[in-house]
Amino acid sequence: SDLINNDELIRIEKIADKYLELEKEYDSVGNLIKEISFNSLNQKEWIEHSFYDDDNHLIYSVSEESQNIFNFLYSYNKNKLSQSVRISQDKNTLLKEVDYVMLYEYDKKDRLIKEMIIQDGQIKYKYDYKYGKDNYIKKIITYLYNSQEPSIIQEFYYNGAGYSKQEKESYLKYNPYTDGKFYLANFLTFNKFINKDTTLGLNLLSGFSD
């Protein structure tokens, strides 16, 4: 296969961690349970602990930084991630607040087709995923701030090796010279290699920032 296998990914990750100054700890079945980041002076910058249910679903993680603690809660429906919540806490005041809620929707083939990030009672971001007949993602449509019009449209084209050969992006831009109407500006990026089997929904696991 042209795709990198799991053993090779683990080997590459271990090499990268040395340069990224990360320490990782796994449980007996391979779940990541602790991750520590260090600065150039070998001082801890942040530490994250993760917890799983009996089905090895990530259900809770807590990330501690110098000033804040971030709690992530995950809910599942039929073994599919359905909701995640981030709650931040100030270490000095101990006050907690909900930063955002993420909702996930799947089709009958269990493919992720929609992500929504809700903040302050409004949909801040919405992502629609479109698939081709080969089940590979062909288009990602991004909507901002409750808008019914797309703000970004990304289209992916794959070569035979299983990578995106070309990515086309269209951004909804404001044009003050056309009565304040928006227009789509197209950008084309060549040779942007993306594994076509990459799992969607990584916004969740990497955290979401404003």
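The values are calculated or read from the model by the stated rules, or taken from the named source; none is laboratory data. These numbers come from a predicted model, not from an experiment. Backbone-built Cβ (ideal geometry, glycine too); neighbour counts: all protein chains shown. When the accessible area is computed, the model is the full protein with side chains, heavy atoms only, and any ligands, DNA or RNA have been set aside. Shrake-Rupley method; radii C 1.70, N 1.55, O 1.52, S 1.80 Å.
Here are the numbers for the structure shown:
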| read-out | value |
| --- | --- |
| HIS49, HIS57, reordered so the largest accessible area comes first (probe 1.4 Å) | HIS49, HIS57 |
| Heavy atoms of VAL98 accessible to a 1.4 Å probe, total area in Å² rounded to 10 | 90 Å² |
| Per residue accessible area of the stretch 23-149, 1.4 Å probe, in Å² | 63 Å² |
| Alpha carbon centroid spacing (whole Å) that separates the stretch 60-126 from the stretch 141-155 | 20 Å |
| Charge sum, other residues only, whose C-beta stays under 12 Å from SER50's C-beta, Lys/Arg counted +1 and Asp/Glu -1 | -3 |
| Extension gain from ASP27 to ASN42, taking 0.36 nm per residue of separation minus the Cα-Cα distance | 2.9 nm |
| Global geometry of the stretch 79-132, whether rounded, prolate or oblate, following the gyration tensor of its Cα atoms and the 1.5 cut on a/c | prolate |
| Summed side-chain charge close to TYR131 - residues other than TYR131 whose Cβ falls under 9 Å, Lys, Arg +1, Asp, Glu -1 | +4 |
| Packing-based ranking, highest mean first, of 141-148, 67-74 given that Cβ atoms within 10 Å are counted | 67-74, 141-148 |
| Derived scalar couplings ³J(HN,Hα) [the stretch 24-34; Karplus, 6.51 cos²θ - 1.76 cosθ + 1.60; whole Hz; x for Gly, Pro] | 10, 10, 10, 7, 5, 9, x, 6, 6, 10, 8 |
| The stretch 93-165, accessible surface, carbon-and-sulfur percent (1.4 angstrom probe) | 51 percent |
| ASP54, ASP128, ASP90, ranked by accessible area, largest first (probe 1.4 Å) | ASP54, ASP90, ASP128 |
| Residue order for LYS133, LYS24, LYS109, LYS78 - accessible surface, 1.4 angstrom probe, largest first | LYS133, LYS78, LYS109, LYS24 |
